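Data block below; observations after.
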Amino acid sequence: MSTLTTQTASNLALQVLLRISLILTLAIGSAFYSQAQDALAAASTSNSLKSALFELEKEYAVRFSYDPNEIKGIRVPQLTSRGSIETDLHQLLQSTNLEFERVEGQYFVIKKADSKFIRFQVDDAETGTPLPYATIRQQSTSMGIVTDENGIARLVMANPKGVILDVLYLGFQKFAINLDSIDSKASLKIGMKPEPLDLNDYEVKEYLNAGIAADPKANSFKILPQEMEILPGLSERDVLLSAQIISGVNSNDESASGINVRGSSRDNTLLYWNNVPIYHTAHYFGSISSFIPSSIGVLDVYKNYVPVKYGGASAGLISLESRNEVDRTLRAELSLNMTHGDAFVKTPFLGKKGSIMFAARRSYNDAIPTWTYNSYGEKLFGREIKDRQGVIYESEYSNNLKFSDINFQWNYEPIDRSSVKLSYIRSRSRFDYREADRDERQNIEQEHHVESSGADVSWAYRLTDRQSLTASLAYSKYNMEYEYANIRNPDITEDDDEQERSNDINNLEARIAHTQILKGGHKLSIGYQFNNFNIDNLINTQNFFEEDYAEEISSKANIHALYSDLNIQATDQLELVFSGRITDIESLGKRVFSPQIKANYNLNKNFLFKSTYGIYHQYLSTIKESQFTISNAVEQHWLLADDEQLVPLVINKQASIGFIHNSNSWLVDFDLYRKDIDGLLARNLGFGFTQEDGFNQGSERILGLDLTLRKRWKYFKSWFSYNFQDSQVSFPDLFPNSFASNLNIRHQFNISNSYTKGNWEFSFGYTFKTGAPYTSINNIRLDRRDNNPPPGQNNDDDFRLQFSRPNSLRISNYHRFDASIWHRFHGRSWRGEVGFSLINLFNRRNIYNIGYLIDFNREGDIAIVERTKFFLAFTPNFSIRFSF
């Protein structure tokens, strides 16, 4: 009885619990259903504010100005009834912290109470003509807007405190606006003043894009990396690759450092960093610029002439200056791409009178190889070896690269009239390479170490409003060490190839100059330059097939130069510049005079004729090695001219004439030029000459033209550049007739396009080149050097290549498509930028060079084999940068 009663009680309790659970489940489900219905109802009766404003624009034919960040994420109820535009806006905004106001006609502004609205009208101050598509940009950022076809723009600034806006337009002076002095609603009429045509000013502020400018005569170009807009194939602002977008400033080997100005050799162009001459300009055999992009403020490029204060260049000049303004701002940046990472910081020092900049960079591909790094490696080391029956060998290799860079500068301005700068730069690169294939008797090892450093102290003092004095003292040091071995058979040493090379440069350079503005606006500069060179060069080669040789060339010399530059403003339209340089070269025991003249005539404010003529003397040049190196790059050894029979003085007589037309959104720049060059070395032809034949001297004649066309629309820019260049070399002691130089790229053109909208930039470009000259294997003969040696000497067979009709053929034409995307973003106290680039988008296999070696053919016989090198294949890159 008690058991039954217990069971009955248990069943009753269980039933009660089940009923309670069912009731709770139904209640919770009902609540969730009710909430879901409410949410659906709310969603069906609300809309984003942006969409609501868009609907009102269509219905009432009005236009709204607002800051997208202020309305982002705001939802507003759907309008229950429609009245006037003002009534509808009241209903939409009543639950937000935004307000509206009709500013003119059908234009309304939507903003917070503390935000500011500005209407801009940008005109030509002289004519009153509206300036369409002028840029209005917030200082120290990339954020901005563009005026419409009537020169009108409207802007809502959410956080206006301390903001300064710059108004920019082609050919006009920059106009700055401090928003602290502007009311919460303002209408500004801005009269832009035309840029004056002065020798030291840059008339074409936007030569190709916002960060690439040209001077009034277009004899030089200025690149501002921090302001530069997107270029095809670049994921970041590499300064040396950016310079190559200028017509006539090209790289025949696709490298950052191998810049050939108008068909001249790369060593004919000098490169300076803050008055320090630089001899190692790029890592990884020229692939990656050795200058940290975030640390560079300005890069100047000269191709029509070389400024007279710089001696020793015969084709062009590239000068870089650090990004280190003296102000009270603290800036820091961190960057990373697919080959390296870097950091930059600039901080005030000694209050408002000084500033310190420090930047550092380190590669990481020795730990993490990337697609970009591997693509560079394939370009540098990938090659095919052929005999007359076809391909017998394709390289398979491994390589390891480490590089690092340091840039430092201290600027100090104790008084308004004086400034002192102290700079230091260091670049270091270590490279190891291995290649092994027992079947093809290849067991190659290579080590390549480079270290370059330099320091400079400079002083500038303004004596009066019309006189100034400058002085600088710089020291540059360069060291390259190279070892190479090909062990064909590990069991014996007789068939090994070995090379050992080194190159050391120590250069102490001092310069002092006085500049005075004369009556009538004329300008006179007089200066003195001193160099003390100490250069050592060693090449020690042991070849199984060819004659062993060793070369050791050491040079020490002082070089003194006096120079003067007189600028005469003959009329309002005509400007004449007479320059001269007298250089005393102790190593040659001779004194040379280098005159220059430039004439420029302004037909009107949009059209300028330009011309230059000069004789340039180059006393520091290189011997170049391209055939007997494992990399596909041209390797250089610097030498000082110290013997007219061994290392000659390079002399270039150069003339150019042309015009530049810059009107509204169109630009046309055209130049014709001629160069006559003496003092070339035969060993730089790449035909395997060494010792006696290699130091035969020759001459070169270069004829060419450069053409640049640029058109700008509101968000779109397009430019086209074309180069024609015919370079013929003559070595009468070696070849009876002149022939095309290795740098004779007859035709080259580039089409580039960019589109900028908001924080996005897109770019696409195409490059075409006619193929480089090369020699047919049918015009090469394999000779034994000496089959009957004198008594007492070994009877080893040494071979050499004999060339006839050199460079009579051309490699197939070059085609390359590149693309880039940049995107900017920001937080409250930081900004960011990501870049993505694709080089050789369609992966075309472009041939770089065809050369010849003595090696074993497929039957194991000694024969001539052909070595083919290739340009970059498909190469992606990605970069990200944060600024604080």
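The values are calculated or read from the model by the stated rules, or taken from the named source; none is laboratory data. Owing to the predicted nature of the structure, the values given are computational and were not obtained by experimental measurement. Quick reminder, even Gly has a Cβ in these numbers, built from the backbone with ideal geometry, and neighbours come from all protein chains shown. Surface accessibility is based on the protein's heavy atoms, side chains included, excluding ligands, DNA and RNA. Shrake-Rupley method; radii C 1.70, N 1.55, O 1.52, S 1.80 Å.
Surface exposure of the chain, expressed per residue as accessible area with a 1.4 Å probe, stands at 44 Å².
If the chain linking residue 718 and residue 180 were pulled fully straight, counting 0.36 nm for each residue of separation and taking away their Cα-Cα distance, it would gain 190.0 nm.
Exposure here means at most 13 other Cβ atoms within 10 Å; with GluC sites (Glu not before Pro) in a DSSP loop as sites, the longest stretch of the chain lacking them is 645-858. Extension gain, residue 125 to residue 874, is 264.7 nm, computed as 0.36 nm per intervening residue step minus the present C-alpha separation. Charge dipole (Cα centre; +1 on Lys/Arg Cβ, -1 on Asp/Glu Cβ; no other charges) of the chain amounts to roughly 4120 debye.
Could you tell me what percent of the DSSP beta bridges with both partners in the chain are antiparallel, to the nearest 5?
Details: 356 of 372 bridges.
Of all bridge pairs located within the chain, approximately 95 percent are antiparallel.
Percent of Cα pairs in region 235-328 per distance bin of 10 Å, from zero to the largest separation: 16, 53, 27, 4, 0.
Measuring nothing but protein heavy atoms, the accessible surface of the chain at 1.4 Å probe radius is 54 percent carbon and sulfur.
Under the simplified labelling scheme, the residue 473-residue 516 pair shows an inter-label distance of 2.7 nm, with each label point 7 Å from Cα along Cα→Cβ. Ranked by the mean number of other Cβ atoms within 10 Å of their residues, highest first, the peptides 267-274, 610-617 come out as 267-274, 610-617. Ignoring lysines fewer than eight residues from residue 309 along the same chain, the ones with Cα atoms less than 22 angstrom from its Cα are 217, 222, 421, 477, 523, 590, 598, 610, 653, 675.
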